[in-house]
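Peer 1: The structure's right below; bear with me while I get my questions together.
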Amino acid sequence: MNENIYIPKLAKIIKIKEEVSGLRPIKTFRTQFVEKNGFSHQCGQCAMLSVLGKGESMISISSSPLEKDFLQFSILKMGRVTSALHETEVGEIIGIRGPYGNNFPIENWKGKNLIFIGGGIGLAPIWSVLHTALKKKEDYGKLTLIYGARTSKDLVFKEELEKLNKKMNVHLSVDVEEKDWKEYVGFVPQNVTDKKPSPDNSISITCGPPIMIKFVIKALEELGFKDKQIYTTVENKMKCGIGKCGRCNIGKHYICKDGPVYSWAELKTLPQEY
Amino acid sequence: MAEEFEPKIIAFLCKWCSSAGSDLAGVSRMKYPPNVVPITVMCSGSVSPLYIFNAFQKGADGVLVSGCHPGDCHYIKGNFYARRRIALVKELIEYIGLEPQRFKMSWVSAAEGKKYTKIIQDFVQELKPLGPQKKLRREK
Amino acid sequence: MEKILTKKSFPAWVKNLQSYTVYAPEKQENLWSYEVIQNPDKINLEYLNTVLAPKKITYPQREIFLQFNTSKEGKPQIKEVLPEEQPAVIFGVRPCDAKAITLTDKVFGEEPKDPYYWSRRNQTILVGLTCNPPPSPNCFCLSVGGSPHSKEGLDILMTDMGDKYHIDSLTKKGEKLIKAAENLFKPASPKDKKELEKIQRESEKKIKREIKDIKNIPDKLKDMFESPFWDEEAMSCIRCGICTYLCPTCYCFDITDELTSTLPLKGKRVRTWDTCQFPDFTMHSSGHNPRPDKASRLRQRILHKFQYHVENYQDYLCTGCGRCISLCPMGIDIIEILNKVRDYE
Amino acid sequence: MVNLEEIKKEAKNILEEGKVKYIIGYAKSSNALMAAPTFVKKPEDIDKLIWDPTCFQNLVKFLLDEKRKKAREKEPDIRPVGIFVKGCDSRAINVLLQEKFITREDVYIIGLSCEDLGVLDEKKIFKKLKGEEPEKIEFDQRKNIVISTKEKTIKIPLKEILAERCLECTSSFPVISDVFWGDRNNRSPKEPFKSLEQIESLSQEKKWDFWQQQLSKCIRCYACRSVCPMCYCDECVVDSINLAITADTTAEEKSQKIKWIEKSPESSENFGYHLVRAMHLAGRCIDCSECERVCPVDIPLRLLNKKLEKVAKELFDYKAGLDPEQPSLVSSFKDEDPEDFIR
């Protein structure tokens, strides 16, 4: 018999790391399936996490598919389910179903320079593809990360970002000036304009709040990036994850199965309703 | 023989009078049936009809709202508002066919531990013959 | 296989279907509704449109997905709850409502398949009835590729021929129903067939309302996404769920957890119908809403039915039953909207 | 007599003078028995306007949209909106004024008296037509309705097919208006709460059976809430998300929102919804009975609200919507309020 797509698989939380505290806290969770019925995923895909009694929430998988031992999710505390997730402790069991959605076409990007552009929690989906590229560094050209958040306290994966500096170009930014901040001050799109990544043989991957994405795309276009060189992710409220419940659509596309990854060339053709 | 039915009562007690009254009943070791789940609220006037309906939905066999005597409200007028609102709830409950005996209101002061025990005793006795409240209860 | 069944023998046929749960339209106070039939003698097939389409049987408004609880050791446990397998027959299905079921079949049949939907659907036999006269003044099935005697999605099509029914068995499921009381049926004669054709032709003429030039509508809509047209049309909408909940083709749903106890944790995850007309349908938990007003929600309803679904499944997500028109409290009329779309410049 | 031509003239004037932003009125719809709301912006469109007993809708509901729209706009047009109101609708305006949801300057009230009539009850007509579909209707002298179906033409005295609420209406003319047509004769129906009697006379168990059967039909389309001019809360107990969320609402606040009533259309949840709604309308419902009219599954919702109207009248001598200055039913009290039910 086919397996029931709506039944989550049980997974144990094996590690929790507090990335950002304060009013908009972010935590990173590592999970392992309790039984050997787990799934493997592709870069950019999502999974439906459930806290029984609270409901389900679609979260992008931030670990690399090459990492076979666990799945990792970085989650901003936002509503009912994510709040419940933030209250869990190591050892607790949650439900996971998936993986959902399409993925970054990294196979087609071999030999190209990759420019990752992220804002806030938007680094989570990037993290998966970034680490995959790092692990197979020989397959790709130059790797660059342009990442920013409101303040330095809101940056996720801080320790890893420091280590990353040795392996690739990392350009960080914060929105407003603060003490001891030596890197760029300003919004992410401005940082993109400032760092002038070259469009030659390059692919850019942008994730973050919709307003940031909009202006980053503008900045990239000004730098000479073609629509097909610009990739981004879209999010919407989701319930089923398989294109049936009818709420996450943009035009004829259901983001949960036809998205969340889009090239700007594609996204442009859809109604601007997200 | 089947076990005797023990009704479950949700009691919304105002913090200043009725809740203190129930405490007094407790510390004075007055005997009253253990059927009550007391919920302390700031004022009988703060009991939304939603709480009452929801208590029935969650399986209460009886609901009691109890506040300070008229004139004694800590917030001056709260129990007067409650009196009006509860009258409306009571009429509505009766109108849709729920047994009116399942819903009560009382004035119990901090000194009236005895009155409180009596109210509960009588309420339990009144509820027993009605059996479990299933009309508004959610399916399990 | 074409047969003839006298009206007098109809109850006897139904009585032979004891192994099935039998549904048929039943008048409750003033409204028609598909209900489980206890007494086959009382089935009345001269009914007007039911308020709810038979989708309420094949795709009920509430479906329990799973039950959960925490074990003594505090471990969560999940138990899948599939609907009980109960073969069912629905009599008096209007061809538009049957067509609608084929549309939801496609959505829930696309991989990955929806197990809850199919465990009901596989067990359901649809016995249709030719609409002569049409059951509602707002019927417009002819405009969306249907007809009052369409066979699509049906296992049997019955046609009222005065004192008898013409019975057209269309599938194996249908054959099985007839075999349950084979001796009641007579083969249809050439004369019967001729009469049937006449009735069917007439039934089409009785459909009064139509969407004009519907073939151009999907393309036309594509260019109207940003149009102020939607603000105008949505002015009188009050954002209730009537048009979508009563629609035989609308299938959108929500999944929520319902608790029966917090300590220990116990509850169930359920699916319920949902509708694009409610503001919280698309609202993110951040408060951002991609469809923030009733204009964008009306646009979604129309575009889903006449553009997006056509692009994804090559068919309109509308079968012309007219319920959304007849029951809209504010008189919003999808035919008028689409005819205005046609003429919109 | 209400003269439609005079109303149109007034409508034209106020639009031309720019006195109102637009006028909410009634126009013909594709259903012969029901008018549809219309929004007239240009003086040349006034001929769409109609006024007859098919004008069911309580247009006051649309003032909520107007208010929300204004709140979103940076430089909103602050001119009033012209609106057609019947007697019951005008009481709705009074309640909104009383609750300070709108101000008097927000509306230009075009008051229309129902005089000795009211609006039709579609269901009563359908019963008379015995399944035939009306194709054309005409009104004959405000006495009869002449309905043409494919088969025949029938004449029905209007009094036989008026909505229940109109038969029990005590003030069939607007109690607040800027311009007014028709008479101001108070009606005094002998039994203003007659429709309640049947249920009130039932035994406890029969009452329950009745309401259980009725409310189990509910499909939670929320048409009753959507059509009600008094249901203007940004946050409703039945919504899955608090619609009053802003960017500043914390995750804590959102996750602590209590789910009082589940989405499932189960008996218990349906009772939860309808009882809360009835309570929330106590002392506010002005008996336009739109909730009952729009209910697709024919739940007699008016009988719930009417009951509390009666209780408010009998216990507290309170009537909704007659005076925008009076305190609301549940935020006021009198020393002599009954308390014989309290121990």
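The values are calculated or read from the model by the stated rules, or taken from the named source; none is laboratory data. Please read these numbers as outputs of a predicted model, since none were measured by experiment. Note: ideal-geometry Cβ built from the backbone for every residue, glycine included; neighbour counts use all protein chains shown.
Peer 1: Does C:Ile178 satisfy the criteria of being in a helix (DSSP H, G or I), of a type in the set (Val, Ile, Thr) and within 19 Å of C:Gln18 (Cα to Cα)? Walk me through how you get there before you give the answer.
Peer 2: On the way: in a helix (DSSP H, G or I): yes; of a type in the set (Val, Ile, Thr): yes; within 19 Å of C:Gln18 (Cα to Cα): yes.
Yes; evaluated as a whole, the condition is true for this residue.
Peer 1: Looking at D:Asp298, D:Asp317, which one is surrounded by fewer than 24 Cβ atoms within 10 Å (Cβ to Cβ), away from chain C (no Cβ under 14 Å) and acidic (Asp, Glu)?
Peer 2: Numbers: D:Asp298 fails: away from chain C (no Cβ under 14 Å).
Sole residue among the options that is surrounded by fewer than 24 Cβ atoms within 10 Å (Cβ to Cβ), away from chain C (no Cβ under 14 Å) and acidic (Asp, Glu): D:Asp317.
Each row is one residue, and each column tells you yes or no for (1) over 19 Å from the mean Cα position of the chain (by Cα); (2) under 29 Å from A:Ile59 (Cα atoms).
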| site | (1), (2) |
| --- | --- |
| C:Asp280 | yes, yes |
| C:His284 | yes, yes |
| C:Pro292 | yes, yes |
| C:Ala295 | yes, no |
| C:Asp315 | no, no |
| C:Gly322 | no, no |
| C:Pro329 | yes, no |
| C:Ile335 | no, no |
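Peer 1: Right, next: Over 14 Å from B:Gly78 (Cα atoms), away from chain D (no Cβ under 12 Å) and either crowded, with 23+ Cβ neighbours inside 10 Å or among the polar types (S, T, N, Q) (or both): does that describe B:Gly26?
Peer 2: no
Peer 1: Next question. Among the residues of the range C:204-247 satisfying the criterion of being of a type in the set (Ser, Thr, Tyr) and crowded, with 20+ Cβ neighbours inside 10 Å, which is nearest to C:Thr272 (Cα to Cα)?
Peer 2: Per the stated criteria, the residue is C:Tyr245.
Peer 1: Right, B:Gln101: more than 8 Å from chain D (Cβ to nearest Cβ), under 18 Å from B:Phe5 (Cα atoms), touching an Asp or Glu at 6+ places or on another chain (Cβ under 7 Å) and part of a helix (DSSP H, G or I) or not? Steps first, answer last, please.
Peer 2: Working: more than 8 Å from chain D (Cβ to nearest Cβ): yes; under 18 Å from B:Phe5 (Cα atoms): yes; touching an Asp or Glu at 6+ places or on another chain (Cβ under 7 Å): yes; part of a helix (DSSP H, G or I): yes.
Yes, satisfied.
Peer 1: Could you tell me whether any residue of the range C:334-344 is within 13 Å of chain A (Cβ to nearest Cβ) and surrounded by fewer than 20 Cβ atoms within 10 Å (Cβ to Cβ)?
Peer 2: There is no residue in the range C:334-344 that is within 13 Å of chain A (Cβ to nearest Cβ) and surrounded by fewer than 20 Cβ atoms within 10 Å (Cβ to Cβ).
Peer 1: Go through (1) assigned by TED's automatic domain parsing to the domain that holds C:Gln123; (2) free of Cβ contacts under 8 Å to residues at least 12 places away in the same chain for C:Glu232 and report which single condition fails.
Peer 2: (1)
Peer 1: Now a separate question. Write out, first by first residue and then by second, each pair whose Cβ atoms fall under 7 Å of each other, whose residues are 6+ apart or on separate chains, and whose first residue, in the range A:195-224, is without any contact (Cβ under 8 Å) to a residue 24 or more places away in the chain and farther than 19 Å from A:Ala149 by Cα while the second is acidic (Asp, Glu) and surrounded by fewer than 23 Cβ atoms within 10 Å (Cβ to Cβ).
Peer 2: none
Peer 1: Need the failing condition index for C:Ser150 against (1) surrounded by fewer than 17 Cβ atoms within 10 Å (Cβ to Cβ); (2) within 27 Å of D:Glu135 (Cβ to Cβ); (3) small (Gly, Ala, Ser), just the number.
Peer 2: Only one criterion is unmet by C:Ser150, namely (1).
Peer 1: Ok, one more. Please determine, by comparing only the residues of the range A:49-70 that are without any contact (Cβ under 8 Å) to a residue 60 or more places away in the chain and among the charged types (D, E, K, R), which one is surrounded by the most Cβ atoms within 10 Å (Cβ to Cβ).
Peer 2: Here the residue is A:Lys54.
Peer 1: Just for helices (runs of 4 or more DSSP H) wholly inside the range C:195-261: which have at least 2 residues that are within 12 Å of chain A (Cβ to nearest Cβ) and within 25 Å of D:Leu64 (Cβ to Cβ)?
Peer 2: Where helices (runs of 4 or more DSSP H) fall fully within the range C:195-261, none carries at least 2 residues being within 12 Å of chain A (Cβ to nearest Cβ) and within 25 Å of D:Leu64 (Cβ to Cβ).
Peer 1: Can you find, within the range D:124-140, the residue that is nearest to C:Ser136 (Cα to Cα) among those that are free of Cβ contacts under 8 Å to residues at least 24 places away in the same chain and assigned to a strand (DSSP E or B)?
Peer 2: D:Glu138
Peer 1: Continuing with this model, one more query. Of the residues A:Glu92, A:Glu107, which is surrounded by fewer than 20 Cβ atoms within 10 Å (Cβ to Cβ) and within 14 Å of chain C (Cβ to nearest Cβ)?
Peer 2: That would be A:Glu92, the only listed residue that is surrounded by fewer than 20 Cβ atoms within 10 Å (Cβ to Cβ) and within 14 Å of chain C (Cβ to nearest Cβ).
Peer 1: Output the number of the condition that D:Pro43 fails; it satisfies all remaining conditions of (1) under 25 Å from D:Pro324 (Cβ atoms); (2) more than 14 Å from chain C (Cβ to nearest Cβ).
Peer 2: For D:Pro43, the exception is condition (1).
Peer 1: Only one residue in D:Ala35, D:Ala11 is over 25 Å from D:Cys224 (Cβ atoms) and buried (at least 21 other Cβ atoms within 10 Å of the Cβ), so which one is that? It would help to see each step written out before you state the result.
Peer 2: Working: D:Ala35 fails: over 25 Å from D:Cys224 (Cβ atoms).
One residue alone meets the criteria, D:Ala11.
Peer 1: Name every residue in the range D:187-210 that is surrounded by 17 or more Cβ atoms within 10 Å (Cβ to Cβ) and in contact with a Phe, Trp or Tyr (Cβ under 8 Å, 6 or more places away or on another chain), in order of residue number.
Peer 2: Matches in the range D:187-210: D:Ile199, D:Lys207.
Peer 1: Of the numbered conditions (1) at the interface with chain D (Cβ under 10 Å from one of its Cβ atoms); (2) within 16 Å of B:Ala11 (Cβ to Cβ), B:Gln121 fails exactly one; give the number of that condition.
Peer 2: B:Gln121 satisfies every listed condition except (1).
Peer 1: Looking at the range D:176-195, is at least one residue in contact (Cβ under 8 Å) with a residue 60 or more places away in the chain, outside any loop (DSSP other than H, G, I, E, B) and within 14 Å of chain B (Cβ to nearest Cβ)?
Peer 2: Going residue by residue through the range D:176-195, those that are in contact (Cβ under 8 Å) with a residue 60 or more places away in the chain are D:176-185, D:187, D:193, D:195.
With the extra rule that they be outside any loop (DSSP other than H, G, I, E, B), the set shrinks to D:179-181, D:195.
From what is left, the residues that are within 14 Å of chain B (Cβ to nearest Cβ) are D:195.
Within the range D:176-195 (the criterion being in contact (Cβ under 8 Å) with a residue 60 or more places away in the chain, outside any loop (DSSP other than H, G, I, E, B) and within 14 Å of chain B (Cβ to nearest Cβ)), the answer is yes, since at least one residue qualifies.
Peer 1: Does the range A:71-78 include one or more residues that are within 14 Å of chain C (Cβ to nearest Cβ), touching a residue at least 60 places away in the same chain (Cβ under 8 Å), under 30 Å from A:Ser173 (Cβ atoms) and aliphatic (A, V, I, L, M)?
Peer 2: So far as the range A:71-78 goes, no, none of its residues is within 14 Å of chain C (Cβ to nearest Cβ), touching a residue at least 60 places away in the same chain (Cβ under 8 Å), under 30 Å from A:Ser173 (Cβ atoms) and aliphatic (A, V, I, L, M).
Peer 1: Is there a residue in the range B:124-137 that is crowded, with 18+ Cβ neighbours inside 10 Å, at the interface with another protein chain (Cβ under 9 Å from one of its Cβ atoms) and farther than 22 Å from D:Val237 by Cα?
Peer 2: The answer is no; no qualifying residue exists.
Residues are listed down the side, and each one gets a yes or a no for (1) more than 14 Å from chain C (Cβ to nearest Cβ); (2) over 16 Å from the mean Cα position of the chain (by Cα):
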position: A:Ile205; (1), (2): yes, no
position: A:Gly224; (1), (2): yes, yes
position: A:Tyr231; (1), (2): yes, no
position: A:Glu235; (1), (2): no, no
position: A:Cys240; (1), (2): no, yes
position: A:Asn249; (1), (2): no, yes
position: A:Tyr262; (1), (2): yes, no
position: A:Ala265; (1), (2): yes, yes
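Peer 1: Let me ask another. Wholly within the range C:281-328, which helices (runs of 4 or more DSSP H) include no fewer than the required count, namely at least 3 residues that are within 29 Å of A:Arg80 (Cβ to Cβ) and in contact (Cβ under 8 Å) with a residue 60 or more places away in the chain?
Peer 2: C:294-303
Peer 1: Give, as residue ranges, the strands (runs of 3 or more DSSP E) completely inside the range B:1-89 that count at least 1 residues that are over 30 Å from D:Asp317 (Cα atoms).
Peer 2: Strands (runs of 3 or more DSSP E) meeting the threshold: B:9-14, B:36-41.
Peer 1: Name the residue that is nearest to the other protein chains (Cβ to nearest Cβ), counting only residues in the range D:207-224 that are assigned to a helix (DSSP H, G or I) and under 17 Å from C:Cys240 (Cα atoms). First the steps, then the outcome.
Peer 2: Going residue by residue through the range D:207-224, those that are assigned to a helix (DSSP H, G or I) are D:207-216, D:223-224.
Next cut, under 17 Å from C:Cys240 (Cα atoms) only: D:223-224.
Working: D:Ala223: 4, D:Cys224: 8 Å.
My answer is D:Ala223.
Peer 1: Which is polar (S, T, N, Q) and free of Cβ contacts under 8 Å to residues at least 60 places away in the same chain, of C:Gln67, C:Gln61, C:Gln77, C:Gln86?
Peer 2: Being polar (S, T, N, Q) and free of Cβ contacts under 8 Å to residues at least 60 places away in the same chain holds for just one of C:Gln67, C:Gln61, C:Gln77, C:Gln86, which is C:Gln77.
Peer 1: While we're here: Mind listing whichever residues of the range D:59-91 are within 18 Å of the chain's Cα centre (by Cα) and in a loop (DSSP other than H, G, I, E, B)?
Peer 2: D:Lys86
Peer 1: With D:Ile245, D:Ile258 as the choices, which residue is of a type in the set (A, V, I, L, M), within 14 Å of chain B (Cβ to nearest Cβ) and within 17 Å of A:Met78 (Cα to Cα)? So that I can check it myself, show each step before the final result.
Peer 2: Values: D:Ile245 fails: within 14 Å of chain B (Cβ to nearest Cβ).
Being of a type in the set (A, V, I, L, M), within 14 Å of chain B (Cβ to nearest Cβ) and within 17 Å of A:Met78 (Cα to Cα) holds for just one of D:Ile245, D:Ile258, which is D:Ile258.
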